[in-house]
1. Kindly write out, for the stretch 69-74 in residue order, the coupling ³J(HN,Hα) from the Karplus curve 6.51 cos²θ - 1.76 cosθ + 1.60 (θ = phi - 60°), rounded to whole Hz, with x marking Gly and Pro.
2. When a/c reaches 1.5 or more, the comparison of a/b and b/c decides; with that in mind, is the stretch 4-218 rounded, prolate or oblate per its Cα gyration tensor?
3. Rounded to the nearest 20 Debye, what is the dipole magnitude of the chain about its Cα centre when Lys and Arg each give +1 and Asp and Glu each give -1 at the C-beta?
4. Using θ = phi - 60° and the Karplus form 6.51 cos²θ - 1.76 cosθ + 1.60, what ³J(HN,Hα) does each residue of the stretch 51-61 get, whole Hz, x for Gly and Pro?
5. If each of ASN142 and GLU156 carries a label point 7 Å out from its Cα toward its Cβ, how far apart are those two points in nm?
6. Can you give me the angle between helix 103-112 and the longest principal axis of the chain, using Cα atoms only, in degrees from 0 to 90, rounded to the nearest 10?
7. Please say if the stretch 35-79 is rounded, prolate or oblate, where rounded means a/c under 1.5 for a ≥ b ≥ c the square roots of the C-alpha gyration tensor eigenvalues, and otherwise the choice is prolate for a/b larger than b/c and oblate otherwise?
8. Taking a threshold of 28 Å on the Cα-Cα distance, which of the pairs LYS111/LYS218; LYS144/LYS218; LYS111/LYS134 fall above it?
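Taken together, the values in this text are just the output of simple stated rules run on the coordinates, not laboratory data. Worth saying up front: this structure is predicted, and the values here are computed from it rather than measured. Note: ideal-geometry Cβ built from the backbone for every residue, glycine included; neighbour counts use all protein chains shown.
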Amino acid sequence: MAAAGQLSRFWEWGKNIVCVGRNYADHVKEMRSTVLSEPVLFLKPSTAYAPEGSPILLPPYSRCVHHELELGVVMGARGRAVPEATALDYVAGYALCLDMTARDVQDECKKEGLPWTLAKGFTTSCPVSAFVPKEKIPDPHNLKLWLRVNGELRQEGETSSMIFSIPYIISYVSKIITLEEGDIILTGSPKGVGPVKENDEIQAGIHGVVSMTFKVEKAQY
């Protein structure tokens with residue numbers, strides 16, 4: 001299993017970012033969606049990864065980019081068809097992540113029945129905190145997440161409210177996508193998602209564990 005320093009570098013070496021949608025009932029409700037019997041999955045490219053200290057870049061083709069606060073699970077070993085009972089043995093640690101979403105673009109994609117790549121996969125669309133070894137988080141289903149924009153509390157939620165547990169998600173994903181050491185799984189967002197604009201400052205954290213700060217800028221092409 002890789003060390004923490006190695007895992008932080010893996011995110012910059014082209015590892016997978018697998019995202020789970022509709023995993024908090026309150027968020028499903030606010031998005032006027034439906035709770036499903038299986039997780040909704042989508043991918044972000046490795047260039048979506050943005051470490052703290054780099055900006056979040058707003059894509060020029062969107063006029064409405066939203067923040068979505070999520071717990072990220074960092075894989076510590078390769079796994080295919082991982083049993084749910086042993087899934088946490090494959091975890092190296094955790095991170096706080098943002099699933100930045102071009103909401104107007106996503107809405108159009110939904111109407112047309114198109115993939116969400118334009119809305120979810122733009123460069124810097126996955127800001128990530130410092131890596132937290134799993135020894136520091138004995139129960140990932142007992143965490144409080146929070147996010148502020150310019151000092152205003154926007155999102156606050158508890159991982160105990162997840163519809164699908166982390167072991168279930170790892171097992172489910174690994175039956176479709178072979179998970180590699182250093183891959184990161186975003187586990188869904190609690191309610192309170194909302195827009196950000198140029199020059200906003202986003203602060204977010206896992207209470208008592210880790211926090212991060214990002215500035216929002218316009219992408220210059």
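1. Once rounded to whole Hz, the list reads 7, 9, 7, x, 9, 9.
2. Details: a/c = 1.39, a/b = 1.24, b/c = 1.12.
Rounded is the answer for the stretch 4-218, as its axis ratio a/c remains below 1.5.
3. Numbers: 23 positive and 26 negative charges, 49 e Å.
It comes to approximately 240 debye.
4. Each residue of the stretch 51-61 in turn: x, 4, x, 9, x, 8, 9, 7, x, x, 8 Hz.
5. Taking the simple label geometry, ASN142 and GLU156 are separated by 2.1 nm.
6. 80
7. Details: a/c = 2.23, a/b = 1.29, b/c = 1.73.
In terms of gyration-tensor shape, oblate.
8. Details: LYS111/LYS218 26 Å; LYS144/LYS218 30 Å; LYS111/LYS134 40 Å.
Over 28 Å Cα-Cα: LYS144/LYS218; LYS111/LYS134.
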